[in-house]
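Shown next, in C-alpha cells, is the structure this report addresses.
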Amino acid sequence: METAPFADVPAPLQHTLTQRGFTRLTPVQQAVLQEEHAGRDLRISSQTGSGKTVAVGLLLAGLVERPEGRAERVCQPRAVVITPTRELAMQVASELSWLLKELRTRVLAVTGGTNVRAEQRALSHGAEIVVGTPGRLLDHLTQQVIDTSAVAAVVLDEADQMLDLGFRDELEAILEKLPTERRTHLMSATFSREVLALARRYQHDAVHVEGTTLGQANVDIAHVIQLVRPHQVTDALINLLLLSPDELTLVFARTRADVTNLAGQLAELGFSVAGLTGEMDQPERTRVMNAFRAGHLRTLVATDVAARGIDVPEVTRVIHVDAPTDSDVYTHRSGRTGRAGRKGTSILIVPPQGRDRVTRTLKHAGVRYTFAPVPDAQAILRASDDRLLAELTTPPPPTDDGAWEPHLHTLATRLLEHVEPLTLVHRLLARVGHHGPVLPRTVEPVGAPTPREPRERVKPEPRARKEHRVPEGGWVSFRLTSGSRFGMDARRLLATVCRRGNIRGSDVGAIDVGTSHSIFQVAAEVAEHFAEAAARPDPRDPRVRIEPLQEHAARMAREEERPAPRRKGPPPPGKRKPHRGTHRK
C-alpha cells in the first residue's frame, strides 16, 4: 500500500510526503511520532541534515489545523518556533509551509533585517505557526502584535547556538510570555551544559529523543586535513576550486572582514562566488542564497553565524580556511554537506603548527579523518582534460536548439577548410579556457609528520602575533575592562577583540593581561574601524568595555586636574574625609 511507510503520520500529510518524493521517514521523524512521546516535552538530538525540520512539522501537525471559515484579525498562533538566524528561520518556515499545506496552516517568519511594518501587517491576518529569531520575535510580543494566549507548543531550534550568540535574556523573556500549559521542545545536534540548564528550567516531564546517537558523526561525510603553509592558504583554496569547479562549495572564514576579502579576491580571479555575512540585509541574503541554490553561484564564503541553517542538499563540499577550535562548531559546519543521504566532503586547510589542535577538535567531534596533499597543477589539469573529453565524447541530450545544427555544421566545415585540424583544436581549447578562470597555484607540499619526527611546538597565539612584522602605520594601544581576576587570558582576549572589532588576528599586536584590565595593540590602519565597532555594547558581556588607551589616559588626567574642594583647615578627628567634588559647609 502506498501510504504504508507513513502509517503513523496524520492522514492529510501522507499524500504531501509522497508527492514530495519521500519513500520513508528518517529515524528522527519516526522517533517523534512514537506513542510514548505523546504529550511530553522532547529533547531531540539528531545530526544535521537528518530531517529535523520535517520532524518538527509532524510534531506540531495535531495542533495547527485551521478551522473552515476562520478569519482572524490578530495573530494568535498555536505554535512558536525560535531559531538563531534569519536564514534558518526562513528555511524552517518554508519547510513547514509545504508540509502542512493540506491542513491549511499559515506559517509566517519574523526576523531581523526585514521591514517591521510589513511583518506587522502580515501578522494582523493571523498565522497558526510563527517562526522567528529571538530579537524580532520578542519585539512583536512586547508590542502585543502577537497574542500568545493560544500557544500550545514552542520549539527552540539549535538552542546551543542561540545561547552562544548571547540570546539567553531574549529566550527567557519570550518563554515567560507564553502560557505555562504548553509543550516545550528543544532540538539540536549537540546538547551543551548551558542548553541542559535551560531545558531543566522550562521543560516538564521531558524525554530525550535520539534520531541519531548524541554526538554521532555523519557517516556520509569524509573529513580531510590538508597541511598548508600559512601564507599559501588562499592558493590551496584556489586549487581545490579549480579541481572540481562544478561542485557546490561552502567555504568558512572566521570573521565578516575575512569573508568579504576572500570572496572579493576569488571574484576578481573569475570564480563564481559570493560572500554571506550577518550584517547583510534580508533581501540581499535572499538573492545570494537563491543564486547559490540555483547553481548560478558555485561557491559561497560565509561566517559560522551566517551559514547557520543553510540547507542546500546539493552542497557536496565544505572547506574550512579557518579551522574551528570547538567540536560543536565543526559538527554544524561540516553538517552543511552530506545531507539527505548524499555524500559530502569536509576539508580543513591547516597550518602545520595548528595540526595537533585541529586533530583534537576532530577527535572530540567523534569523526575519523585522513591527511591529503593539496592538489597540484598536474592533477588539476588532468581532471580538467578528463571532464572535457567526457563531455565531448558523450552524445548530447536532445534539445530544442536543432535549428542551430545546420549553421554549426557549416561553420565547422569552413573552419576545417582554412585551418589544419590539430591547430584548430588547439586554438579552440585556448579560447574556451576549460582549465578554469586562472592557472593552478604552486603550493609547497607539507607532509604529515611521522611519530618519530620531532613535532613543531604550538606557540601561544598571542606570542606569535608579537613576532609579526610591524604594520606601516605602527600600532595603536587599547584598554579592555577585564583581566585575570575575571578569567581573562591572552587567547580569550584575542578572540574577544577580533569578534567585537571585526578584525583579523593578524591585526592584533602585543597583549598584556592585567589583574582587573588588559592592554593590547591594534594595527593603525584598522584602528579607527576597530574603535567604532568595539565601542558598541556586547550582548554577551555588556560590562566589558573597549576604548583607546590614549582616550582613557586623557580622561583620567582631566579628572586629576579637577580643583580640589576648598576646606578651612583639616577635618575634625573621627570625621570621614569628604569625597572629591563635594563641599563641606
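In order along the stretch 482-490, phi translates into HN-Hα couplings of 7, x, 4, 4, 9, x, 7, 9, 4 Hz, rounded to whole numbers, per the Karplus curve 6.51 cos²θ - 1.76 cosθ + 1.60 with θ = phi - 60° and x for Gly and Pro. Per residue, the accessible area of the stretch 9-162 comes to 38 Å², computed with a 1.4 Å probe over protein heavy atoms only.
Per residue, what accessible area does the stretch 287-327 have, given a 1.4 Å probe and all protein chains present, in Å²? Don't jump to the answer; show the numbers that get you there.
Details: 1340 Å² over 41 residues.
With all protein chains present, the stretch 287-327 gives 33 Å² per residue.
Rounded to the nearest angstrom and ordered from largest down, what semi-axes does the equivalent ellipsoid of the stretch 257-304 get from its C-alpha gyration tensor (root of 5λ)?
Working: eigenvalues 50, 42, 11 Å².
Ellipsoid semi-axes (Å, largest first): 16, 14, 8.
Annotation: amide H-H contacts under 5 Å for Val209 (H modelled 1.01 Å from N, sequence separation of 5 or more, or interchain): Arg43, Ile44, Ser45.
A cut-off of 5 Å between modelled amide H atoms, ignoring neighbours fewer than 5 places along the same chain, links Cys75 with Gly126, Asp147.
Extension gain, Arg360 to His407: 0.36 nm times the residue separation minus the Cα-Cα distance gives 10.8 nm. In terms of modelled amide H atoms, which long-range or inter-chain residues lie less than 5 Å from the amide H of Ala222? Those qualifying (amide H under 5 Å, at least 5 residues apart or on another chain) are Gly344, Thr345, Ser346.
Label separation (Ser516 vs Asn115): 5.2 nm, computed from points 7 Å beyond Cα along the C-beta direction.
Each residue, Asp326 and Val219, gets one label point 7 Å from its Cα in the Cβ direction; the gap between the two is 2.9 nm. Converting phi to 3J(HN,Hα) with the Karplus coefficients 6.51, -1.76 and 1.60 and the offset θ = phi - 60°, the stretch 116-132 yields 5, 4, 5, 5, 5, 5, 5, 5, 5, 8, x, 6, 7, 10, 10, 10, x Hz in sequence order, with x at every glycine or proline. Computed from the C-beta positions of Leu416 and Arg382, the FRET efficiency with R₀ = 30 Å rounds to 0.60.
Using a 1.4 angstrom probe on heavy atoms only, work out the carbon and sulfur share of the accessible area of the stretch 237-299 in %.
Details: 1230 of 2520 Å².
Carbon and sulfur: 49 percent of the exposed surface of the stretch 237-299.
Could you check how much of the accessible area of the stretch 30-166 is carbon and sulfur, as a whole percent, using a 1.4 Å probe? Percent of accessible area from carbon and sulfur atoms in the stretch 30-166: 44.
Based on the Cβ-Cβ distance of Leu196 and Arg40, what FRET efficiency does E = 1/(1 + (r/R0)^6) give at R0 = 25 Å, to the nearest 0.05? Please report the intermediate quantities before stating the final value.
Values: r = 17 Å, r/R0 = 0.67.
With a Förster radius of 25 Å, E is 0.90.
Ranking His15, His409 from most to least accessible surface, computed with a 1.4 Å probe over the protein chains only, gives His409, His15. Going Cα to Cα from Lys343, which aspartates and glutamates come in below 17 Å? Please leave out same-chain ones fewer than 8 positions away. By straight Cα distance, Lys343 reaches Asp220, Asp246, Glu247, Asp311, Glu314.
Counting only protein heavy atoms, what percent of the accessible surface of the stretch 480-532 is carbon or sulfur at a 1.4 Å probe? Working shown, then result.
Details: 1100 of 2340 Å².
Here it works out to 47 percent.
Projecting label points 7 angstrom from Cα along Cα→Cβ for Val438 and Glu551 puts them 3.7 nm apart.
The values are calculated or read from the model by the stated rules, or taken from the named source; none is laboratory data. None of the values given here were measured: they were computed from a predicted structure. Using ideal geometry, Cβ is built from the backbone for each residue, glycine included, and neighbour counts are taken over all protein chains shown. Protein only, heavy atoms only, side chains kept; ligands, DNA and RNA dropped before computing areas. Shrake-Rupley method; radii C 1.70, N 1.55, O 1.52, S 1.80 Å.
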